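The values are calculated or read from the model by the stated rules, or taken from the named source; none is laboratory data. Here the structure is a predicted model, which means the values were calculated and not measured. No Cβ is skipped: glycine too gets one built from the backbone with ideal geometry, and neighbour counts run over all protein chains shown.
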Amino acid sequence: MKNFRSKSGPFREQPYYALSEIEAICTDELQKLSLLPLEPSPIRIDRFVEKRFQVQPRYENLPRGLLGFTRFGPKGVEEVVVSKALDDEGTQSAERRLRTTLAHESGHGLLHAHLFALGASPDSLFGDGLDPHSPKIMCRDDADAGRDGKRNSRPPYRWWEYQANQAMSSLLLPKDLVVKALESLVIMRGLIGAVILPSSKRDEAIRLVAATFDVNPVVAKIRIQSLYPASAEQQLTL
């Protein structure tokens with residue numbers, strides 16, 4: 001990981017992580033806490049939060065569009081709060097969104113705690129009626145994030161959110177376990193024996209990964225695309 005002076009956003013410093021670094025950090029953290037399964041199965045992300053950050057996730061009534069937030073102190077994560085509405089809904093989809101929110105907040109804890117120790121004061125991440133003097137990073141619903149009151153406007157790029165989402169994916173869907181889960185669906189093709197996931201198998205792969213790791217299909221789809229890009233199959237057929 002490298003730090004650069006930030007040209008945009010709320011922090012003075014902007015850390016740069018290669019995706020392989022985030023993957024390695026998350027896998028290592030799961031292994032250290034004995035929470036990385038030997039076989040493809042759901043990650044106990046609530047237990048990860050408790051053991052890694054020594055906090056119990058709390059559920060509160062949060063403003064519309066706010067899924068959760070992490071409060072930081074000089075020594076790191078001090079509190080992880082998740083929208084009570086997700087917990088109360090009781091559907092499989094909501095339960096899975098709760099899991100992704102906890103993993104997203106864990107990503108902030110793993111990758112960004114040092115920014116607060118450096119004395120950062122990211123005021124632009126505050127608001128929504130919450131204490132503006134308590135250092136925190138908020139996780140907003142994609143449907144509301146970045147609109148700034150403009151309907152259908154594209155959310156601005158927020159590197160800290162992108163990095164936390166990469167960590168969320170690596171925590172809930174560890175690469176080696178996803179590869180193992182999809183062994184029966186991938187094929188070897190080309191002179192160099194490239195491993196690809198055929199387009200005819202992608203829907204089945206999404207359903208399999210979503211069910212195996214207890215995540216919503218959209219999360220499974222994004223992770224599968226990152227590991228088995230559809231473009232790889234297209235290139236080999238040219």
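Annotations
- Candidate set: the range 1-40, residues that are of a type in the set (Phe, Trp, Tyr) and in a loop (DSSP other than H, G, I, E, B); chosen: the one modelled with the highest pLDDT: TYR17
The rows are residues; the columns are (1) touching a residue at least 24 places away in the same chain (Cβ under 8 Å); (2) not basic (Lys, Arg).
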position	(1), (2)
TYR59	yes, yes
GLY73	yes, yes
VAL77	yes, yes
ALA85	yes, yes
GLU89	no, yes
SER93	yes, yes
ARG96	yes, no
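- Scanning the range 73-90 for residues that are part of a strand (DSSP E or B), more than 18 Å from the chain's Cα centre (by Cα) and not charged (D, E, K, R) gives GLY73, GLY76.
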